[in-house]
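What follows is calculated from the coordinates using simple rules that are stated; it is not laboratory data. Keep in mind the model is a prediction, meaning the values are calculated, not measured. All Cβ positions, glycine included, derive from the backbone under ideal geometry; neighbour counts span all protein chains shown.
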Amino acid sequence: MKHPLLPKKIQIFTICNENAKSLSIPFFNSVISAGFPSPAADYVELELDFNSLLVENPSSTFCVKVLGDSMRDANILSGDILVVDRSIHAKSNSIIVAILNGDFLVKRLVIEGNKYSLVPENNKYSTIQVNPSDDFEIWGIVTYVIHRTR
C-alpha cells in the first residue's frame, strides 16, 4: 500500500486482509533454556497463527520496513519490519511511527506537559523537539519488531 503523501522510499504493508487465509505453524508448548541446559521435558505440539499473535486490531494495523539505525539500542534495526497499531493511544515512552514535516520516522515519544520530544535510541542522533508550527502526526504505536537473526 502506498500512501500518496509519503516519500517514495517508504513501504507500508497491510496485514489486515479480512479474507486472508490463516497460516499456522507448529508451536511446541515447552520452554527452551537460554542459560544452562535443562533436561528434556515433555511437550505439547500446538499451532501458532502469526495473525492472531501479532495483530490485535486488524483493521487498524499495518507493517512498515525500517531504514536506518537511529533506534538500534531499542533492538530496531535497518531492514526490520515493524507491526504498527493505529488504534492504540500514544503515551510517553511509546515507540511510535509518525510523520514530521513530511518525513516518516520511528522514534520514542516523550511527553512532558504539552511538549513532545522524539527520542532516538542511538546516541549518534539528537532528540527532536516537536514545535507547535511543525506538521506532526502520530501514525501508530509499534507493537512488534520482526527481524532476521542471520
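Assorted remarks:
- Dividing the alpha-carbon radius of gyration of the range 64-107 by the rule-of-thumb value 2.2 N^0.38 Å gives 1.14.
- Shown here for the range 55-100: trypsin sites (Lys or Arg not before Pro) in loop regions (DSSP other than H, G, I, E, B) with at most 11 other Cβ atoms within 10 Å, namely K91.
- With each label modelled as a point 7 angstrom along the Cα→C-beta vector, the R86-V110 pair spans 2.9 nm.
- Each of I96, I111 was scored by other Cβ atoms within 10 Å of its Cβ. Arranged with the fewest first, they read I111, I96.
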